[in-house]
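The structure appears below as structure tokens.
Coordinate-derived values only; no laboratory data. Since this is a predicted model, take the numbers as computed values, not measurements. Cβ placement follows ideal geometry from the backbone for every residue including glycine, while neighbour counts extend to all protein chains displayed.
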Number of protein chains: 2
Amino acid sequence: MELQVRLLPTIFFFFFFFFLTILQHSSSARVLTVSKPDRHDYAASARWLVSQNIWGVLSTLSIDHDGAPFGNVVSFSDGLPEKGSGIPYFYLTTLDPTARNALKDQRASLAISESPVGTCKSDPMNPTCSKLTLTGKLLLLDDGSEEAQVAKKALFTKHPEMIDWPVDHDFHFFKLEITNIFLINWFGGAKPITVDEYLHAKSIKVASLLQ
Amino acid sequence: MELQVRLLPTIFFFFFFFFLTILQHSSSARVLTVSKPDRHDYAASARWLVSQNIWGVLSTLSIDHDGAPFGNVVSFSDGLPEKGSGIPYFYLTTLDPTARNALKDQRASLAISESPVGTCKSDPMNPTCSKLTLTGKLLLLDDGSEEAQVAKKALFTKHPEMIDWPVDHDFHFFKLEITNIFLINWFGGAKPITVDEYLHAKSIKVASLLQ
């Protein structure tokens, strides 16, 4: 009996650190709501990259630098994972060059990487680390339009901080109307994928476990 | 004596999990070789972003899509942290559109975010999460030139995997000759910073501790 009593603190600390270890492992891993699709399913792979990323680089033609391609880090959303449409929406201010550029010339592209998702095991430029560039037109959505409401919901659920961004900063909702898709998700160069295949990709299989 | 012997396995496991906990904490934190500079030092802030990131989005004017801005995820290096020059070097293949675009029209920009560094506490588009766009000319370096050797060392030390990339894939070294710098590292819009200030930034203060 006395032995058991003396062992109690040790047993307590044993389990304390055991659970702490598990907890820390959980917090360092990224919670993937949807697992990486089969690499042969190009449309699902592209949609997965869009749904899992929260930021990318949006490139426009610079009015300040004589039409040079100007990439800019922006947050975006196509909706919550498993509820996304594949269409990237943005909340941009005309205080920033990208929105001003797009209002002059709509040509634009959004580039994203698998790297921030946390599933790459190689260099970000290794073809097994997926990357995607959606090329198209960056369109301003009419305030109060139905699609502006869709964009607002998609953005504010994935980027809750945006709700409090200053209203006097001339923020507006934009969308990228996709005309071309450049996907690398394995060796062998860009994969053939049409905009129609991308937009109508079947639901990505669900795997709500930690990866 | 008997009590001590019986306690030994428990004590062993106690320390085992204790060290495991510490180890996991270390591996989940990102090792920053150089701490984030004072935000008022724009040149140091920009150089820090370049030195700490290993990939970004390189935008060129697409020859396949009638001059549209084409962003592409690429690895880059300006040298090892504390030894970098601020000049981004790339190892690009003409099998990829970006190199082909640049050989037709050199205008380009490289966009990077603080987000992958792991020091952002807000949304990637919050101005406190730094972002940088370097605009300029994407130049092919002559194979065998002195600067190609500099590029090779900068890239292969930061991206060791590149050493084994297939030699028959027409990889070449490129550099971005910077003409304009767009830096957001706090509220209040883009910060004033010249290319000269950027290239001649004083050494960033060293802090080799885990952050």
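Each residue of the stretch A:115-211 gets 163 Å³ once the volume of the Cα convex hull is shared out per residue. Over the stretch A:37-199, one equal point on each Cα, no solvent: what is log10 I(q)/I(0) by the Debye formula at q = 0.12, 0.14 Å⁻¹? For the stretch A:37-199, the Cα-only Debye profile gives -0.51, -0.70. For the stretch A:82-99, 3J(HN,Hα) computed residue by residue from phi via the Karplus equation (6.51, -1.76, 1.60; θ = phi - 60°) reads 6, 10, x, 9, x, 8, x, 10, 9, 10, 10, 10, 6, 6, 9, x, 4, 5 Hz, glycine and proline entered as x.
Looking at the stretch B:65-132, the trypsin sites (Lys or Arg not before Pro) that sit in a DSSP loop and have at most 14 other Cβ atoms within 10 Å of their own Cβ are B:83, B:121.
Efficiency by 1/(1 + (r/R0)^6): what FRET value for residue B:142 and residue A:95, r their Cβ-Cβ distance, R0 = 45 Å, to the nearest 0.05? After rounding to 0.05, the efficiency reads 0.60. In the stretch A:37-199, a dipole from Cβ-located charges (positive for Lys and Arg, negative for Asp and Glu) runs towards its positive end, and of A:112, A:92, A:156 it is A:112 whose Cα lies farthest in that direction. Counted by neighbouring Cβ atoms within 10 Å, the residues B:184, A:54 run from fewest to most as A:54, B:184. With a Förster radius of 22 Å applied to the beta-carbon distance between residue A:186 and residue A:82, the computed FRET efficiency rounds to 0.40. Among A:162, A:125, the order by Cβ neighbours within 10 angstrom, fewest to most, reads A:162, A:125. Legend: distances between Cα atoms for A:104/B:83; A:175/A:202; A:131/A:153; A:202/B:158; pairs beyond 30 Å are A:104/B:83; A:202/B:158.
Under the convention that each Lys and Arg Cβ holds +1 and each Asp and Glu Cβ holds -1, the size of the dipole of the stretch B:74-199 around its Cα centre is about 400 debye.
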